[in-house]
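Novice: Please see the structure below; I have some questions.
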Amino acid sequence: SVKNVTSKGSVQSHNNDTNDFTFCEACTLGKMTKSPFAKNEKYRSVVPGELIHMDLCGPMRTESIGRKRYFLLLKDDCSSYLFIYFLREKSEVYRILIDFINLIKSEHKQISRVRHDQGTEFGSRTAHDNRVSQLFAQHGIVQEWTTAYNPQQNGFIERHNRCIISRARCMAISA
């Protein structure tokens, strides 16, 4: 860095005091492309099933061997246990969620809340006739929506989307 170059005498500094390097906050802020989201670590679930993060990813350009083009990720906030389901179409989300809710109930757990983006596959705040919204209401599950087009708010699950896609890409390249 600048400090190393000036201390070795390679470059003459207008100010020969090499320890006079200060942090320029304006330079740092000026180079930022987007303000970071504040990490909200005030509350983490302490009971498995209390909060489930969800996201549907796809359609993928290349189908899997089973002709699947989407995957649904469900992650428990407390245990960080990750469930992944592969789908041919978005319309399969409803059936998968019924199976998932029954799986959690069979383990004597109750899902309290789900957090997801405002994708149409999970229903919307205004559509009361949506099957997924009705399913959640029927089981007493509260939906939490993140702001549209802000994956940072649901980063807990978005990071896993990115990891799964990059791993699948690597496997496809090496095959």
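The values are calculated or read from the model by the stated rules, or taken from the named source; none is laboratory data. Here the structure is a predicted model, which is why all the values come from computation and not from measurement. Here the Cβ positions follow ideal geometry from the backbone for every residue, glycine too, while neighbour counts run over all protein chains shown. Please note that ligands, DNA and RNA were not included when accessible areas were found on the heavy atoms of the full protein model with its side chains. Shrake-Rupley method; radii C 1.70, N 1.55, O 1.52, S 1.80 Å.
Novice: Would you check which residues across the stretch 50-63 are of a type outside the set (A, V, I, L, M, F, W, C) and not in a loop (DSSP other than H, G, I, E, B) and list them?
Specialist: 53, 55
Novice: Still on this structure: Going by what's in this entry, would residue 164 be described as surrounded by 12 or more Cβ atoms within 10 Å (Cβ to Cβ) and modelled with pLDDT of 95 or more?
Specialist: Working: surrounded by 12 or more Cβ atoms within 10 Å (Cβ to Cβ): yes; modelled with pLDDT of 95 or more: no.
Answer is no for this residue.
Novice: Got a sec? Which strands (runs of 3 or more DSSP E) wholly within the stretch 64-118 have at least 2 residues that are in contact with a helix residue (DSSP H, G or I) (Cβ under 9 Å, 6 or more places away or on another chain) and open to solvent by 50 Å² or more (accessible area, probe 1.4 Å)?
Specialist: Working: elements: 70-76, 82-87, 113-116.
Filter on the stretch 64-118 gives 82-87.
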